[in-house]
Amino acid sequence: MAAPELPIVRLRHWGRWVSGAIILALLAALGVALAEAKIDYESVPEFLWYRVMAVGLLNTVLLAVISQGLAIVLGIVVALMRRSANPVARWFAVVYIWLFRGLPVLLQILIWYNLALVFEFISIPLPFTGGYLLHEPTNVLVSAFVAALLGLTLNESAYMAEIVRAGLNSVDGGQTEAAKAIGMTPATTLRRVVLPQAMRVIIPPTGNDFINMLKATSMASVIGVTELIHASNNISSNNLLVMETLLAAAIWYMVVVTVAGIGQHYLERAFGAADRAGVAAGPWSRAARALRTVPLRRGKDAI
């Protein structure tokens, strides 16, 4: 006698339905609250295109890009010093990272901005001539923009040094030994063997740090740099529409952060994420693969 067929009982995910309903209810409540808020939403698009807002946007992007670029260069140098066999260079790198990573960014910006209180002039004397290569008032050389640039760059360079060091340590030491065995110089080994592989570890946190840098530029408003926050405050001081101008600044922040996130995504794909995921390789991916697969040569003989 055949056994009776068991009924198929569909599994009910009550927790998903309840959590989804709670989230939708909270979003609906937030939407109702924002709709009833005393905010002139129609004026927000107008503030996006004010000249002072455009200047603030430009300064925000410039400050973030220049600071991050200089921080990457300094971070690579400090990371190499941190891995150096020279104890003086190694301890200098340790103290550098400890100092600039430990101090708050705003404090560093304020210290650079008030540097003229302790050094009235910045001078570079010419030996044996009695003259100066540089002799200018500190307030002239260290403007508000430069002070913000120095504070953001030095702070970020300490983090970049640790990111780069982690990336370099992720490459198997046997590859470096093999490169040395076939006569490659340390610089060539770093450029052609270590860095192309370390970039897959370095890029994700660097992209996140750059996005954070875009937002950290808002601290420059404290010393009068016209970035997005300072620009929105300038507008609201005339029309008293504080929330509306802040929303305009928030929109521009989301735009630049989104663009930076897209760039980070394509860089990650270029240096191996696409290969591991099986996604079709684009031009950036092919360029990164070419860097990783350059044949090692010894003299005129390729191996």
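Which condition breaks for S43 when tested against (1) in contact (Cβ under 8 Å) with a residue 24 or more places away in the chain; (2) open to solvent by 90 Å² or more (accessible area, probe 1.4 Å)?
Against the list (1) in contact (Cβ under 8 Å) with a residue 24 or more places away in the chain; (2) open to solvent by 90 Å² or more (accessible area, probe 1.4 Å), S43 comes up short only on (2).
Pick from A93, A179, A144, A161: which is surrounded by 13 or more Cβ atoms within 10 Å (Cβ to Cβ), in contact with a Gly (Cβ under 8 Å, 6 or more places away or on another chain), touching a residue at least 12 places away in the same chain (Cβ under 8 Å) and more than 26 Å from T226 (Cα to Cα)? Before the answer, list the steps.
Values: A93 fails: in contact with a Gly (Cβ under 8 Å, 6 or more places away or on another chain); A179 fails: in contact with a Gly (Cβ under 8 Å, 6 or more places away or on another chain); A144 fails: more than 26 Å from T226 (Cα to Cα).
Going through A93, A179, A144, A161 in turn, just one is surrounded by 13 or more Cβ atoms within 10 Å (Cβ to Cβ), in contact with a Gly (Cβ under 8 Å, 6 or more places away or on another chain), touching a residue at least 12 places away in the same chain (Cβ under 8 Å) and more than 26 Å from T226 (Cα to Cα): A161.
Can A33 be described as open to solvent by 50 Å² or more (accessible area, probe 1.4 Å), hydrophobic (A, V, I, L, M, F, W, C) and over 30 Å from L154 (Cβ atoms)? Before the answer, list the steps.
Numbers: open to solvent by 50 Å² or more (accessible area, probe 1.4 Å): yes; hydrophobic (A, V, I, L, M, F, W, C): yes; over 30 Å from L154 (Cβ atoms): yes.
The answer is yes for A33.
May I ask you to list the residues in region 1-30 that are closer than 29 Å to A248 by Cβ and open to solvent by 90 Å² or more (accessible area, probe 1.4 Å)?
I23, L24, L26, L27, L30
Six or more apart or on different chains, Cβ under 6 Å: which pairs go from a residue in region 47-58 that's farther than 13 Å from A249 by Cβ to one that's modelled with pLDDT of 90 or more and not aliphatic (A, V, I, L, M)? Could you list them?
Close Cβ pairs satisfying both conditions: none exist.
Take the residues in region 182-195 that are outside any helix (DSSP H, G or I) and β-branched (V, I, T), then tell me which one is least open to solvent (accessible area, probe 1.4 Å).
So the residue we want is I182.
The values are calculated or read from the model by the stated rules, or taken from the named source; none is laboratory data. The structure displayed is predicted, hence computed values, not measured ones. Glycine gets a Cβ as well: all are built from the backbone with ideal geometry, and neighbour counts include every protein chain shown. The accessibility values were calculated without ligands, DNA or RNA, using every heavy atom of the protein model including side chains. Shrake-Rupley method; radii C 1.70, N 1.55, O 1.52, S 1.80 Å.
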